[in-house]
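Structure record follows, encoded as C-alpha coordinates.
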Amino acid sequence: MLTENIEIIKTKDGSIGLYDKSLNEIFHSIYGAKTEAFEKFIQPAKIIDNKPLKILDICYGIGYNTKCALENFKNISFIDCVEINKNLVLNSYKFKYRDDIDKIIKSNIEKSDLIHFYIDDIRSVVKKLNKKYDIIFHDGFAPHKQSELWSEELIFNISKLLETDGIYCTYNHSKPVLKALLNAGLFLGKTLKDNKTIATCASFNKENIINPLNSYELGQLNTKSAITYKDTFLNFTHQKIIENREKELNNSNLITLSHYKKIMQNQD
Ligand SMILES: C[S@@+](CC[C@H](N)C(=O)[O-])C[C@H]1O[C@@H](n2cnc3c(N)ncnc32)[C@H](O)[C@@H]1O
(Lines give C-alpha, C1' and ligand atoms only; values in the text may rest on other atoms or scores of the structure.)
Protein backbone atom coordinates (compact mmCIF):
# COMPACT_ATOMS: atom_id res chain seq x y z
CA MET A 1 0.00 0.00 0.00
CA LEU A 2 2.85 2.41 0.85
CA THR A 3 6.41 2.81 -0.38
CA GLU A 4 9.10 0.25 0.51
CA ASN A 5 10.81 2.38 3.12
CA ILE A 6 7.64 3.00 5.16
CA GLU A 7 6.60 0.45 7.79
CA ILE A 8 3.32 0.22 9.65
CA ILE A 9 3.49 0.08 13.46
CA LYS A 10 0.81 -0.16 16.14
CA THR A 11 0.87 2.69 18.65
CA LYS A 12 -0.12 2.38 22.33
CA ASP A 13 -3.65 3.78 21.91
CA GLY A 14 -4.36 1.12 19.28
CA SER A 15 -4.12 3.48 16.30
CA ILE A 16 -1.77 2.77 13.41
CA GLY A 17 1.47 4.72 13.11
CA LEU A 18 4.17 4.81 10.46
CA TYR A 19 7.94 4.50 10.57
CA ASP A 20 10.26 5.78 7.82
CA LYS A 21 13.17 3.31 7.55
CA SER A 22 15.36 5.51 5.35
CA LEU A 23 15.12 8.46 7.77
CA ASN A 24 14.98 6.19 10.85
CA GLU A 25 12.14 8.37 12.06
CA ILE A 26 8.61 7.73 13.29
CA PHE A 27 5.68 9.66 11.80
CA HIS A 28 3.56 9.42 14.93
CA SER A 29 4.17 9.18 18.67
CA ILE A 30 4.44 5.58 19.88
CA TYR A 31 2.10 6.61 22.73
CA GLY A 32 -0.70 6.99 20.19
CA ALA A 33 -1.06 8.51 16.75
CA LYS A 34 -4.67 9.48 17.40
CA THR A 35 -4.01 10.71 20.94
CA GLU A 36 -1.09 12.81 19.70
CA ALA A 37 -3.25 14.53 17.08
CA PHE A 38 -5.87 15.39 19.69
CA GLU A 39 -3.56 16.52 22.48
CA LYS A 40 -0.96 18.44 20.47
CA PHE A 41 -2.94 19.85 17.55
CA ILE A 42 -6.68 19.93 18.25
CA GLN A 43 -6.97 20.65 21.96
CA PRO A 44 -4.84 23.85 21.89
CA ALA A 45 -6.88 25.23 18.97
CA LYS A 46 -10.25 24.51 20.62
CA ILE A 47 -10.18 28.01 22.10
CA ILE A 48 -11.18 29.47 18.70
CA ASP A 49 -13.75 26.80 17.80
CA ASN A 50 -16.54 29.39 17.73
CA LYS A 51 -16.61 30.30 14.03
CA PRO A 52 -16.25 28.59 10.61
CA LEU A 53 -12.63 27.50 10.60
CA LYS A 54 -10.13 27.69 7.73
CA ILE A 55 -7.41 25.14 8.44
CA LEU A 56 -3.96 24.49 6.97
CA ASP A 57 -2.49 21.03 7.68
CA ILE A 58 1.24 21.09 6.85
CA CYS A 59 2.80 17.62 6.48
CA TYR A 60 -0.51 15.79 6.17
CA GLY A 61 1.06 12.28 6.08
CA ILE A 62 -1.93 9.96 6.47
CA GLY A 63 -4.00 12.79 7.87
CA TYR A 64 -4.46 12.24 11.61
CA ASN A 65 -4.58 15.98 12.30
CA THR A 66 -7.14 16.63 9.57
CA LYS A 67 -9.23 13.61 10.61
CA CYS A 68 -9.12 14.66 14.26
CA ALA A 69 -10.11 18.23 13.27
CA LEU A 70 -13.10 16.83 11.34
CA GLU A 71 -14.05 14.81 14.41
CA ASN A 72 -13.73 17.62 16.94
CA PHE A 73 -14.35 21.07 15.45
CA LYS A 74 -17.96 22.22 15.14
CA ASN A 75 -17.79 24.15 11.90
CA ILE A 76 -15.04 23.77 9.30
CA SER A 77 -15.01 26.06 6.27
CA PHE A 78 -12.26 24.18 4.48
CA ILE A 79 -8.97 22.37 5.09
CA ASP A 80 -5.88 22.79 2.88
CA CYS A 81 -3.37 19.96 3.29
CA VAL A 82 0.26 19.96 2.16
CA GLU A 83 2.18 16.71 1.75
CA ILE A 84 5.16 15.86 -0.44
CA ASN A 85 4.44 12.11 -0.64
CA LYS A 86 1.49 11.51 -2.98
CA ASN A 87 1.22 7.84 -2.03
CA LEU A 88 0.50 8.71 1.60
CA VAL A 89 -2.32 11.06 0.64
CA LEU A 90 -3.90 8.64 -1.84
CA ASN A 91 -3.91 5.84 0.74
CA SER A 92 -4.74 7.94 3.78
CA TYR A 93 -8.44 7.01 3.90
CA LYS A 94 -7.48 3.31 4.20
CA PHE A 95 -6.01 3.91 7.66
CA LYS A 96 -9.31 3.54 9.45
CA TYR A 97 -10.29 6.41 11.71
CA ARG A 98 -14.08 6.66 11.78
CA ASP A 99 -16.30 5.45 8.92
CA ASP A 100 -17.89 8.83 8.11
CA ILE A 101 -14.52 10.62 8.29
CA ASP A 102 -12.79 7.98 6.13
CA LYS A 103 -15.55 8.57 3.57
CA ILE A 104 -15.03 12.35 3.61
CA ILE A 105 -11.29 11.88 3.06
CA LYS A 106 -11.81 9.41 0.21
CA SER A 107 -14.37 11.56 -1.60
CA ASN A 108 -12.16 14.66 -1.26
CA ILE A 109 -9.17 12.79 -2.69
CA GLU A 110 -11.35 11.92 -5.70
CA LYS A 111 -12.94 15.35 -5.97
CA SER A 112 -11.93 18.23 -3.76
CA ASP A 113 -14.82 19.84 -1.94
CA LEU A 114 -14.10 20.51 1.75
CA ILE A 115 -10.46 19.41 1.67
CA HIS A 116 -7.85 20.44 -0.86
CA PHE A 117 -4.54 18.57 -1.20
CA TYR A 118 -1.31 20.22 -2.31
CA ILE A 119 1.08 17.41 -3.21
CA ASP A 120 4.34 19.33 -3.13
CA ASP A 121 7.15 20.66 -0.97
CA ILE A 122 5.75 23.05 1.66
CA ARG A 123 8.61 25.40 0.76
CA SER A 124 7.10 25.91 -2.71
CA VAL A 125 3.47 25.81 -1.60
CA VAL A 126 3.97 28.45 1.08
CA LYS A 127 5.01 30.97 -1.58
CA LYS A 128 1.86 30.33 -3.63
CA LEU A 129 -0.83 30.33 -0.95
CA ASN A 130 -2.50 33.70 -0.69
CA LYS A 131 -5.12 32.90 1.94
CA LYS A 132 -5.24 33.32 5.68
CA TYR A 133 -6.00 30.46 8.05
CA ASP A 134 -7.55 30.33 11.51
CA ILE A 135 -5.62 27.20 12.42
CA ILE A 136 -2.27 25.95 11.12
CA PHE A 137 -0.89 22.50 12.00
CA HIS A 138 2.84 22.07 11.41
CA ASP A 139 3.88 18.43 11.74
CA GLY A 140 7.21 17.90 9.97
CA PHE A 141 9.81 15.31 10.89
CA ALA A 142 12.18 16.44 13.64
CA PRO A 143 14.75 19.17 12.84
CA HIS A 144 17.74 16.83 13.24
CA LYS A 145 16.30 14.85 10.29
CA GLN A 146 14.62 17.60 8.23
CA SER A 147 15.81 21.02 9.36
CA GLU A 148 14.40 22.50 6.13
CA LEU A 149 10.92 22.07 7.61
CA TRP A 150 11.76 24.29 10.60
CA SER A 151 13.82 27.19 9.26
CA GLU A 152 13.29 30.74 10.41
CA GLU A 153 12.37 31.70 6.84
CA LEU A 154 9.79 28.93 6.43
CA ILE A 155 8.24 29.68 9.82
CA PHE A 156 8.09 33.39 8.93
CA ASN A 157 6.32 32.56 5.65
CA ILE A 158 3.92 30.21 7.44
CA SER A 159 3.17 32.87 10.07
CA LYS A 160 2.12 35.27 7.28
CA LEU A 161 -0.70 32.82 6.48
CA LEU A 162 -2.11 32.95 10.00
CA GLU A 163 -5.10 35.17 10.81
CA THR A 164 -4.45 37.75 13.57
CA ASP A 165 -6.73 35.76 15.83
CA GLY A 166 -5.52 32.38 14.53
CA ILE A 167 -3.62 29.58 16.26
CA TYR A 168 -0.52 27.77 15.05
CA CYS A 169 0.08 24.31 16.56
CA THR A 170 3.10 22.03 16.43
CA TYR A 171 4.44 19.17 18.53
CA ASN A 172 7.86 20.82 18.30
CA HIS A 173 9.03 22.74 21.38
CA SER A 174 12.73 22.92 20.57
CA LYS A 175 14.41 26.24 21.20
CA PRO A 176 15.32 27.13 17.58
CA VAL A 177 11.68 26.63 16.57
CA LEU A 178 10.36 28.68 19.49
CA LYS A 179 12.86 31.43 18.62
CA ALA A 180 11.77 31.45 14.96
CA LEU A 181 8.12 31.77 16.04
CA LEU A 182 9.05 34.59 18.43
CA ASN A 183 10.99 36.37 15.67
CA ALA A 184 7.90 36.12 13.47
CA GLY A 185 6.07 38.19 16.08
CA LEU A 186 3.97 35.45 17.68
CA PHE A 187 3.13 34.95 21.35
CA LEU A 188 4.25 31.51 22.49
CA GLY A 189 2.37 28.96 24.53
CA LYS A 190 3.16 25.58 26.04
CA THR A 191 0.83 22.67 25.51
CA LEU A 192 1.01 20.75 28.78
CA LYS A 193 0.28 17.19 29.86
CA ASP A 194 0.81 16.18 33.50
CA ASN A 195 2.58 19.53 33.93
CA LYS A 196 5.14 18.73 31.22
CA THR A 197 5.45 20.55 27.90
CA ILE A 198 4.47 18.24 25.05
CA ALA A 199 3.91 20.77 22.26
CA THR A 200 3.74 24.42 21.25
CA CYS A 201 0.94 26.74 20.23
CA ALA A 202 1.41 30.31 19.03
CA SER A 203 -0.78 33.25 18.08
CA PHE A 204 -0.59 36.94 17.23
CA ASN A 205 -3.37 37.32 19.78
CA LYS A 206 -2.08 37.01 23.36
CA GLU A 207 -5.57 36.08 24.58
CA ASN A 208 -5.36 32.77 22.69
CA ILE A 209 -2.38 31.60 24.71
CA ILE A 210 -3.44 29.74 27.85
CA ASN A 211 0.02 28.74 29.16
CA PRO A 212 2.49 31.39 27.96
CA LEU A 213 6.23 30.82 28.21
CA ASN A 214 7.50 32.44 31.42
CA SER A 215 10.39 34.93 31.57
CA TYR A 216 12.90 32.18 32.46
CA GLU A 217 11.87 30.14 29.40
CA LEU A 218 11.88 33.23 27.17
CA GLY A 219 15.38 34.05 28.48
CA GLN A 220 16.58 30.64 27.23
CA LEU A 221 15.75 31.81 23.71
CA ASN A 222 18.58 34.36 23.97
CA THR A 223 21.19 31.61 24.29
CA LYS A 224 23.19 29.74 21.67
CA SER A 225 20.85 26.77 21.91
CA ALA A 226 18.06 28.82 20.31
CA ILE A 227 20.00 29.80 17.18
CA THR A 228 17.53 29.20 14.38
CA TYR A 229 17.88 27.09 11.24
CA LYS A 230 18.49 29.35 8.24
CA ASP A 231 17.20 28.57 4.74
CA THR A 232 17.54 31.96 3.06
CA PHE A 233 15.96 31.10 -0.28
CA LEU A 234 13.91 28.12 0.92
CA ASN A 235 15.99 25.73 -1.14
CA PHE A 236 18.94 24.62 1.02
CA THR A 237 19.52 20.95 1.78
CA HIS A 238 19.21 19.67 5.34
CA GLN A 239 23.02 19.18 5.41
CA LYS A 240 23.73 22.74 4.36
CA ILE A 241 21.32 24.14 6.95
CA ILE A 242 22.94 22.10 9.73
CA GLU A 243 26.48 23.05 8.63
CA ASN A 244 25.58 26.74 8.47
CA ARG A 245 24.02 26.56 11.95
CA GLU A 246 27.18 24.90 13.31
CA LYS A 247 29.27 27.76 11.89
CA GLU A 248 26.90 30.33 13.36
CA LEU A 249 27.08 28.57 16.76
CA ASN A 250 30.89 28.61 16.69
CA ASN A 251 31.03 32.31 15.82
CA SER A 252 28.27 33.39 18.18
CA ASN A 253 28.84 35.64 21.20
CA LEU A 254 25.65 34.48 22.85
CA ILE A 255 25.94 32.63 26.17
CA THR A 256 25.35 28.90 26.32
CA LEU A 257 22.19 27.46 27.82
CA SER A 258 24.11 25.94 30.75
CA HIS A 259 25.75 29.30 31.51
CA TYR A 260 22.32 30.96 31.43
CA LYS A 261 20.96 28.34 33.85
CA LYS A 262 23.88 28.92 36.26
CA ILE A 263 23.37 32.70 36.20
CA MET A 264 19.68 32.26 36.92
CA GLN A 265 20.38 29.78 39.75
CA ASN A 266 22.75 32.22 41.41
CA GLN A 267 20.04 34.90 41.29
CA ASP A 268 17.65 32.71 43.36
C1 LIG B 1 5.78 13.48 11.07
S2 LIG B 1 5.11 13.08 9.51
C3 LIG B 1 3.49 13.78 9.59
C4 LIG B 1 2.42 12.89 10.13
C5 LIG B 1 1.06 13.34 9.71
N6 LIG B 1 0.66 14.62 10.25
C7 LIG B 1 0.01 12.30 9.94
O8 LIG B 1 -0.99 12.55 10.60
O9 LIG B 1 0.17 11.18 9.42
C10 LIG B 1 5.92 14.21 8.42
C11 LIG B 1 5.36 14.27 7.04
O12 LIG B 1 6.00 15.33 6.33
C13 LIG B 1 6.09 14.96 4.98
N14 LIG B 1 7.10 15.84 4.35
C15 LIG B 1 8.46 15.71 4.39
N16 LIG B 1 9.05 16.71 3.73
C17 LIG B 1 8.06 17.52 3.30
C18 LIG B 1 8.05 18.74 2.56
N19 LIG B 1 9.20 19.33 2.20
N20 LIG B 1 6.87 19.30 2.26
C21 LIG B 1 5.71 18.71 2.64
N22 LIG B 1 5.65 17.55 3.35
C23 LIG B 1 6.82 16.97 3.68
C24 LIG B 1 6.46 13.49 5.04
O25 LIG B 1 6.20 12.83 3.83
C26 LIG B 1 5.59 13.02 6.20
O27 LIG B 1 4.38 12.53 5.74
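Yes/no matrix, rows are residues, columns are (1) under 19 Å from LYS94 (Cβ atoms); (2) modelled with pLDDT of 95 or more; (3) buried (at least 22 other Cβ atoms within 10 Å of the Cβ):
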residue: LEU2; (1), (2), (3): yes, no, no
residue: THR11; (1), (2), (3): yes, yes, no
residue: GLU39; (1), (2), (3): no, yes, no
residue: ALA45; (1), (2), (3): no, yes, yes
residue: ILE58; (1), (2), (3): no, yes, yes
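Checked against (1) more than 13 Å from the ligand (Cβ to nearest atom); (2) crowded, with 22+ Cβ neighbours inside 10 Å; (3) over 30 Å from GLN239 (Cβ atoms), ILE155 meets all criteria but (3).
Taken together, the residues in the stretch 62-81 that are surrounded by fewer than 24 Cβ atoms within 10 Å (Cβ to Cβ) and near the ligand (Cβ under 7 Å from one of its atoms) amount to 0.
Across the stretch 118-146, which residue is nearest to the chain's Cα centre (by Cα) among those that are buried (at least 22 other Cβ atoms within 10 Å of the Cβ) and more than 11 Å from the ligand (Cβ to nearest atom)? By that ranking, first place goes to ILE136.
Could you give me the residue pairs with C-beta distances under 7 Å whose first residue belongs to the stretch 244-257 and is at pLDDT 95 or above, whose second residue is among the hydroxyl-bearing types (Ser, Thr, Tyr) and not in a helix (DSSP H, G or I) wherever it lies, and which are 6+ apart or on separate chains? From the stretch 244-257, the pairs are ARG245/TYR229; LEU254/THR223; ILE255/THR223; THR256/THR223; LEU257/THR223. Considered as a group, the residues in the stretch 82-97 that are more than 6 Å from the ligand (Cβ to nearest atom) and outside any loop (DSSP other than H, G, I, E, B) include one that is surrounded by the most Cβ atoms within 10 Å (Cβ to Cβ), and that residue is SER92. For PRO212, the criteria (1) modelled with pLDDT under 95; (2) of a type outside the set (S, T, N, Q); (3) under 19 Å from the mean Cα position of the chain (by Cα) hold in every case but one, which is (1). Give me the residue from the stretch 7-25 that is within 12 Å of the ligand (Cβ to nearest atom) and assigned to a loop (DSSP other than H, G, I, E, B) and, out of that set, nearest to the chain's Cα centre (by Cα). Step by step, filter the stretch 7-25, then rank; the result is LEU23. Could you list, ordered by first residue, the pairs with Cβ atoms under 8 Å in which the first is in the stretch 43-65 and closer than 17 Å to ASP80 by Cβ and the second is in a helix (DSSP H, G or I) and acidic (Asp, Glu), at least 6 apart or interchain? Once the first residue is closer than 17 Å to ASP80 by Cβ and sits in the stretch 43-65, its partners that are in a helix (DSSP H, G or I) and acidic (Asp, Glu) give TYR64/GLU36. Can you find a residue in the stretch 189-199 that is more than 16 Å from GLU36 (Cα to Cα) and either within 17 Å of the chain's Cα centre (by Cα) or among the acidic types (Asp, Glu) (or both)? Yes: the stretch 189-199 contains one or more residues that are more than 16 Å from GLU36 (Cα to Cα) and either within 17 Å of the chain's Cα centre (by Cα) or among the acidic types (Asp, Glu) (or both).
Entry remark, the stretch 28-44: residues being under 13 Å from the mean Cα position of the chain (by Cα) and not in a helix (DSSP H, G or I) number 1 in total. Is it the case that the stretch 44-55 has a residue that's in contact with a strand residue (DSSP E or B) (Cβ under 8 Å, 6 or more places away or on another chain) and within 13 Å of the ligand (Cβ to nearest atom)? So far as the stretch 44-55 goes, yes, one or more of its residues are in contact with a strand residue (DSSP E or B) (Cβ under 8 Å, 6 or more places away or on another chain) and within 13 Å of the ligand (Cβ to nearest atom).
Would you call THR228 in contact with a Leu (Cβ under 8 Å, 6 or more places away or on another chain) and surrounded by 18 or more Cβ atoms within 10 Å (Cβ to Cβ)? Taking the combined requirement at face value, the residue does not satisfy it.
The values are calculated or read from the model by the stated rules, or taken from the named source; none is laboratory data. Please read all numbers here as calculations on a predicted model, not as lab measurements. As a convention, Cβ positions derive from the backbone with ideal geometry for all residues, glycine included, and neighbour counts pool all protein chains shown.
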